[in-house]
Amino acid sequence: MAAKIPINLNVQIERIILKILYEEKSVRTTKVLIEFTLEKAMKERITISEKIINIIINQMNKNRKIQFTQKEGWKIRI
């Protein structure tokens with residue numbers, strides 16, 4: 001059973017992830033991307049778990065918004 005994520009929360013977290021990837025150019029691992037996302041979410045007073053962030057990252061990958069490569073890690077798909 002897939003977790004139901006409220007649309008507004010999903011949009012907020014996607015924006016945070018894209019902002020991180022834009023500022024960092026790329027992030028080597030999913031764990032590091034999740035940690036950066038948790039930090040930014042905490043600063044914006046958003047309560048979210050690592051599991052939900054991971055689901056959103058994987059969904060963004062499926063929707064071709066971001067991609068993972070062995071050489072560069074996670075980056076925005078252009």
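Computed from the coordinates by the stated procedures, all read-outs in this text should not be read as laboratory data. Bear in mind that the values here come from a model prediction, so they are computed numbers and not experimental data.
In the chain, the longest principal axis of the Cα atoms and the axis of helix 30-43 are about 50 degrees apart. Rounded to the nearest 10 degrees, the inclination of helix 7-24 to the longest alpha-carbon principal axis of the chain is 30 degrees.
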